[in-house]
Structure formats: structure tokens, C-alpha cells
Amino acid sequence: MISSLKYLSLISFLTIPFTNATDLAPLKSLDSAQKKLTQLESSFGGRIGVYALNTNNDQIIAYRANERFPVQSTMKIIGAAALLKLSESNEGLLQEKVYYTKEDLIGWTPVTKLHLDKGMTLINLAEAAVTYSDNTAINSIMRRFGGPKFSTNFALSIGNSSYNVTHYDGYMNSNPKNPEDTSTPKDMAISVQNLTLGKTLNQPQRQLLTTWMRNTVTSYKLIRAGVPMGWAVADKSGGSGDYGVRNDIGIAWSPSCKPVVLAIYTVQNKKEAQSRDDIVALTTNIIFDEFAKHDNCFKN
């Protein structure tokens, strides 16, 4: 695991053409993709939420983009970014050691369960939260800085007005009728854009977050399964055992194209429904097929 910002030199292979988010002027939504998304949505008994921005030409695909969806583990990007933002004015913060107990382990904890005796630094907790989706890792970060409001306050500060995380991970709401622990696809996509392509974070912190997202091990069947061959992805998945929640947010780019920003959220009507990775992958297919019709860089 990356243990210090000094190791950024090891990840210089990342060649994302960063774009200033404040310079983007979205033009229009592509209606033909919406028809395909409506058909896909009708096939699985739930809702799909999409906000996708092609930063090559500022075209947008939006579908239920302003409706609330349970965010689940996609919130870990926001929590990790909040920590990275604090580190910009506190040089030693990321090396601070945090301790937790066996009772703090909740749900998926592939990394934190290995370090019960010695604890973990904040930077390693953030990496575990984003790359491995470790629940106790993000909870430990939030607990260190005052609880879930640490994540929510940061999201609000960067313009994500719908973000409403009120519980620790492992206890988050998945009921689509409950506004707690929800946000909108549009707000989450714009947050991803600001954090990875804009100037919300300084360049070292921004590159570190993007590297953790690129290295994630939990999303191979989601956006990564739906992008064209040769495209790279940096993303963060989310899901829940209730209401079949399955989400993925991030950016995708190719040697010929600047990044596409994506937020894809799905939730089903029945509490016992099984999550559907394929719906997220098929939604990604629709997005990229539609963007390719209007942008020659996709053909290169």
C-alpha cells in the first residue's frame, strides 16, 4: 500500500489529460441514449440514474440525474478526498496513526482486519477505503474527524448540495424512499469531476486519489466491463444487500480522448432483490456508444 505522498513518483505512468472543471460548459443531453436507458430500466424492476459528461466536447447524457439514490460505498471517495484536503494544510496529517478494535470491524474489512494490533496511518486507511472498499477504514477516518458529518460537510463545501450521508458504512440506508445516505447522479458526477480533473484538490492529492481509484479491486464487472477496449478507468463502486443497490462512479479515458466522467446508480423496488452488475456495465455500453456517434476521438 502507498504510505506517503513521496511515493507519487512511482505512479508517474498515469497520463490522464487533466481538465479544469470550471472551464467546462455542458451543452445538451443526448436523447437517443435516454430511450435505450428506459428500455434497460424496464428489464430489471428498478431505477437507473445516470450523469455522464464527455469532456472532449462537453456533451452530456443524463437520466434521472437529479433523483436521489442510495450512495453506499461510493461515498468513500468523498470521505477520502475530505482527508486529502485537510492534508494540504497539515503536512504530517496523513502519517498519523489511528487505532481501532475488533468491535469496530463491520462488514467488508479486507485490510483493517489485518492490522488490529498495530493500527493504520490515515493515508493507508484512505487507500484501503477507496481501493479495497474497506468499511472500517472509512469509518475510522470519519470517526477521527467527527463522524459522517465530516464527509457530508466536505461534499456540501464543493457544491454537492444533495449529499446526505448520516450513518457510518455498514449501517447506511438502502431504501430508495428514505433520503438518508443518498445523493443524485449529477451531483456525484460533478464531485468526481471536481476531485479528479478540477482544482478542488492540489495536484499531489488529486493524483493520489485518482491512483487509488484506478487501482480499485471491486469494480471489474461494472464501468470497467462496459468501456471500449483500450480505455482506462479510475472508479469507486458501491452496493448493498438490500434493494439490489449497485453503483459505480469515476472517470474513463483513452490515449486519444480526454476523460469521460460517469456516475451510474441503480436501485430496485424489492428489498430482497439481488444487485445487478450487468445493468451498470450495459448502461456504460449505452453511454459510450452514444458518445462515439458525436465524437471522432472515440473512433481513433
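The values are calculated or read from the model by the stated rules, or taken from the named source; none is laboratory data. As the structure is a prediction and not an experimental result, all values here were calculated from the model. So basically every Cβ, Gly included, is an ideal-geometry build from the backbone, and we count neighbours across all protein chains shown. The area values use the complete protein model at the heavy-atom level, side chains included, leaving out ligands, DNA and RNA. Shrake-Rupley method; radii C 1.70, N 1.55, O 1.52, S 1.80 Å.
What are the ³J(HN,Hα) values, in whole Hz, obtained from phi via the Karplus relation 6.51 cos²θ - 1.76 cosθ + 1.60 with θ = phi - 60°, for each residue of region 267-279 in sequence order, with x given for Gly and Pro?
8, 10, 7, 9, 4, 8, 4, 8, 5, 10, 4, 5, 5
Within the chain, what whole-number % of the accessible surface is contributed by carbon and sulfur, with the 1.4 Å probe and all protein chains included in the calculation?
Exposed carbon and sulfur together represent 49 percent of the surface.
Can you pull the semi-axes for region 41-122, root of five times each eigenvalue of the Cα gyration tensor, sorted largest first, whole Å?
Equivalent-ellipsoid dimensions as semi-axes: 35, 21, 9 Å.
³J(HN,Hα) across region 89-95 via Karplus (A = 6.51, B = -1.76, C = 1.60, θ = phi - 60°), whole Hz, x for Gly/Pro?
Once rounded to whole Hz, the list reads 10, 9, 4, x, 4, 5, 8.
Using each residue's phi in region 152-165, evaluate 6.51 cos²θ - 1.76 cosθ + 1.60 at θ = phi - 60° and report the 3J(HN,Hα) Karplus result to the nearest Hz, with x for Gly and Pro.
So the J values, rounded to whole Hz, are 5, 4, 5, 4, 4, 5, 9, x, 8, 6, 8, 5, 8, 7.
If I histogram all Cα-Cα distances within region 78-156 using bins 5 Å wide from 0, what percent of pairs lands in each bin?
Each 5 Å bin holds this share of Cα pairs: 3, 18, 29, 27, 16, 6, 1, 0.
Cα-based Rg of region 250-300 per 2.2 N^0.38 Å, rounded to two decimals?
On the way: Rg = 14.0 Å, N = 51, 2.2 N^0.38 = 9.8 Å.
Against the empirical 2.2 N^0.38 Å value, I get 1.43 for region 250-300.
Give me the distance between the Cα centres of region 85-120 and region 242-278, rounded to whole Å.
If you average the Cα positions of each part, the centres end up 27 Å apart.
If each DSSP helix of 4+ residues adds -39,500 (n - 2.57) and the sum is divided by the residues in the chain, what number results at 222 nm, nearest 500 deg cm²/dmol? Could you put the intermediate results ahead of the total?
Details: 9 runs with 97 residues, N = 300.
That comes out to -9500 deg cm²/dmol.
Rounded to two decimal places and with Rh computed the Kirkwood way over Cα pairs, what is Rg over Rh for the chain?
In the chain, Rg relative to Rh is 0.95.
Under 19 Å from the 7 Å Cα→Cβ point of E103, by amide nitrogen: which residues of region 152-195?
Once the point is set 7 Å along Cα→Cβ of E103, 168-171 turn out to lie under 19 Å by backbone N, inside region 152-195.
Given a 1.4 angstrom probe, what's the average accessible area per residue across the chain, in square angstrom? Please list the in-between numbers first.
Values: 12340 Å² over 300 residues.
With all protein chains present, the chain gives 41 Å² per residue.
Stokes-Einstein diffusion coefficient for region 124-170 at 4 °C in a medium of 1.567 mPa s, Rh from the Kirkwood formula over Cα pairs: what value in µm²/s?
Rounded to a whole number, D works out at 119 µm²/s.
Calculate log10 I(q)/I(0) of region 133-240 for q = 0.20 Å⁻¹, where I(q) comes from the Debye formula with a single equal point scatterer on each Cα and nothing for solvent.
The Debye formula, applied to the Cα set alone, gives -1.35.
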